[in-house]
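Colleague: Quick one: the structure is below, questions incoming.
The values are calculated or read from the model by the stated rules, or taken from the named source; none is laboratory data. Only a predicted model underlies this, so the values are computations on that prediction, with no experimental measurement involved. Using ideal geometry, Cβ is built from the backbone for each residue, glycine included, and neighbour counts are taken over all protein chains shown.
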Amino acid sequence: MQFKEIIGQEATKQRLINSVTENRVSHAQLFLGPEGAGGLALAVAYAQYLSCEDKQPDDSCGVCSSCRKYQKLMHPDLHFSYPFFAKHKDDTALTFIEQWRNAFTANPYLSLDLWRGYLDADNKQANINIAECHQIIKKLSFKPFESAYKILILWLPEYLDKEGNALLKVIEEPQPNTLFLLVAQNQDQILNTILSRTQLIKVPCLNYEDIKTELMNRHHQTETAASQIAYLSNGNMTEALGMLQHDTKSYHELFVQWLRLCFGNKGLEILSFVDNAAKMGRENQKNFLRYGTSFIRECCLIRAGAERIVKLPAQEMETAKKMAAVINNAMAQAIITELEKAHYHIERNANPKILFLDVSLQIIKVLNLKTVPAGNHYIPN
């Protein structure tokens, strides 16, 4: 993978390139960033750049023997470790390497949920077991075969239990020209003994414009559709790519219609809305509720005088301004809480008819009686 294939992250790319050109390559680096930010893709592109036989000023060449092998994730000096769902105690990452290559090639913005779909996971918990730790030590005990560096990319070291301490010596005192590239999402869940031995590379979440541009240029979305998906994804490219499979064009109109029905306390029409919402399908229901949560938050930003950072198309902005004029922060927070609870329950296969009817009744109380549902304690502004 080349840097040019990765969305945004220009400052991080330049930092990585500079570390090579200035001969400041640390033997153990931690790429830390949220899901969908591109940490794994950056680590692979960085490894390819390090091994490239004809490095360019801003990227690997993409055509040399090393780059061609990297494109297939089949370079003899490139190794991967990642969480998996072991069936046998002797299973290691190599057991699932073909599935791993297929998963990364299909979507470099890989999440654990997407990775689970490539494996026969059943109800097992993902982890990186002691057998894998021993396999890592064995792999890295040899000198590089073709390239200047032997590189291990360890995805989600959060799934290393105390067995991960077996790696401390090889991380701290590796063989010459051996690199560890750890790619993590949650610093607090990484063993402190490993964390203290790595150089931190922060990978920020993607910005709205980068995701929007990517969706328009590479995925042929209209500007309106790309804007809405970028807005909903909240900097997570994994979420944005997942939303491409679902219809997001009407979320705004549908959500505003729902609020108007609740404000007007129109019982029969609300029942009709509930019937339609129940037929949307689980992913669309989740995206719809996520949109509603984001939209109400933007209304709060407008109320706070922060309109300049609100990312809404013109028509939706006008609606948000009108909404901001009629609800206070306590009401907005109460609605957000109900929407987030509904999203949580949809993920757990709640009955959508019952759920959307219940949320509708709670929103009616908030908008008409200006009361906060039991369990929520907010002070109106």
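Colleague: When the residues of the stretch 342-372 are narrowed to those that are free of Cβ contacts under 8 Å to residues at least 12 places away in the same chain and among the basic types (Lys, Arg), which ends up surrounded by the fewest Cβ atoms within 10 Å (Cβ to Cβ)?
Modeller: Checked the stretch 342-372; the qualifying residue surrounded by the fewest Cβ atoms within 10 Å (Cβ to Cβ) is ARG348.
Colleague: Also, quick follow-up: Name the pairs whose Cβ atoms lie under 7 Å apart, with the first residue in the stretch 255-269 and farther than 24 Å from LEU232 by Cβ, the second at pLDDT below 90, and 6 or more positions between them or separate chains?
Modeller: What qualifies is ASN265/ASN368.
Colleague: Across the stretch 191-231, what is the number of residues that are part of a helix (DSSP H, G or I) and of a type in the set (Lys, Arg)? Write out each step before concluding.
Modeller: Let us first name the residues in the stretch 191-231 that are part of a helix (DSSP H, G or I), namely 192-195, 208-217, 223-231.
Within this subset, residues satisfying the condition of being of a type in the set (Lys, Arg) are 212.
Summing the residues that are part of a helix (DSSP H, G or I) and of a type in the set (Lys, Arg) in the stretch 191-231 gives 1.
Colleague: Please enumerate the residues belonging to the stretch 1-57 that are closer than 16 Å to TYR70 by Cβ and among the acidic types (Asp, Glu).
Modeller: Passing the criteria: GLU5, GLU53, ASP54.
Colleague: Now, a different point. Go through the stretch 266-287 and give me each residue that's assigned to a loop (DSSP other than H, G, I, E, B) and exposed (fewer than 14 other Cβ atoms within 10 Å of the Cβ).
Modeller: Step one: of the stretch 266-287, the residues assigned to a loop (DSSP other than H, G, I, E, B) are 266, 279-281.
Residues satisfying the conditions are LYS279, GLY281.
Colleague: Another question, if that's okay. Looking at GLN228, GLN189, can you tell me which residue is over 24 Å from TRP100 (Cβ atoms), under 20 Å from the mean Cα position of the chain (by Cα) and not small (Gly, Ala, Ser)? Full working, then the answer.
Modeller: Values: GLN189 fails: over 24 Å from TRP100 (Cβ atoms).
Result: GLN228 is the single residue among GLN228, GLN189 that is over 24 Å from TRP100 (Cβ atoms), under 20 Å from the mean Cα position of the chain (by Cα) and not small (Gly, Ala, Ser).
Colleague: Restricted to the stretch 117-168, and to residues that are in contact with a Phe, Trp or Tyr (Cβ under 6 Å, 6 or more places away or on another chain) and more than 20 Å from VAL183 (Cβ to Cβ), which residue is modelled with the lowest pLDDT?
Modeller: Step by step, filter the stretch 117-168, then rank; the result is ALA121.
Colleague: From the list THR178, THR222, which one is modelled with pLDDT of 85 or more and β-branched (Val, Ile, Thr)?
Modeller: Only one candidate passes the filter, namely THR178.
Colleague: Can you tell me which of (1) touching a Pro at 6+ places or on another chain (Cβ under 8 Å); (2) outside the structural domain of ALA28 (by TED's automatic domain parsing); (3) without any contact (Cβ under 8 Å) to a residue 40 or more places away in the chain; (4) not β-branched (Val, Ile, Thr) is the one GLY235 doesn't meet?
Modeller: Evaluating GLY235 over (1) touching a Pro at 6+ places or on another chain (Cβ under 8 Å); (2) outside the structural domain of ALA28 (by TED's automatic domain parsing); (3) without any contact (Cβ under 8 Å) to a residue 40 or more places away in the chain; (4) not β-branched (Val, Ile, Thr) leaves (3) as the failure.
Colleague: Further question on the same structure: Considering only the stretch 101-132, state which residues are within 18 Å of the chain's Cα centre (by Cα) and free of Cβ contacts under 8 Å to residues at least 60 places away in the same chain.
Modeller: Once the filter is applied, which keeps residues that are within 18 Å of the chain's Cα centre (by Cα) and free of Cβ contacts under 8 Å to residues at least 60 places away in the same chain, the stretch 101-132 yields ALA103, THR105, ALA106, LEU112, ASP113, TRP115, ARG116, GLY117, TYR118, ALA126.
Colleague: List the pairs whose first member sits in the stretch 157-178 and is closer than 12 Å to THR193 by Cα, whose second member is among the charged types (D, E, K, R) and modelled with pLDDT under 80, and whose Cβ atoms are under 6 Å apart, counting only residues at least 6 apart or on separate chains?
Modeller: none
Colleague: Looking at ALA47, ALA37, ALA11, ALA43, which is the one that is more than 29 Å from LEU168 (Cα to Cα) and at pLDDT 90 or above? Outline the logic, then answer.
Modeller: Working: ALA47 fails: more than 29 Å from LEU168 (Cα to Cα); ALA37 fails: more than 29 Å from LEU168 (Cα to Cα); ALA43 fails: more than 29 Å from LEU168 (Cα to Cα).
Just one listed residue meets the conditions, ALA11.
Colleague: Could you list all residues from the stretch 317-346 that are over 22 Å from the mean Cα position of the chain (by Cα) and among the acidic types (Asp, Glu)?
Modeller: If the condition is that a residue be over 22 Å from the mean Cα position of the chain (by Cα) and among the acidic types (Asp, Glu), then GLU318, GLU338 are the ones that fit.
Colleague: Just name the residue that is modelled with the highest pLDDT out of those in the stretch 310-367 that are more than 13 Å from GLY292 (Cα to Cα) and in contact with a Phe, Trp or Tyr (Cβ under 7 Å, 6 or more places away or on another chain).
Modeller: The selected residue is ALA330.
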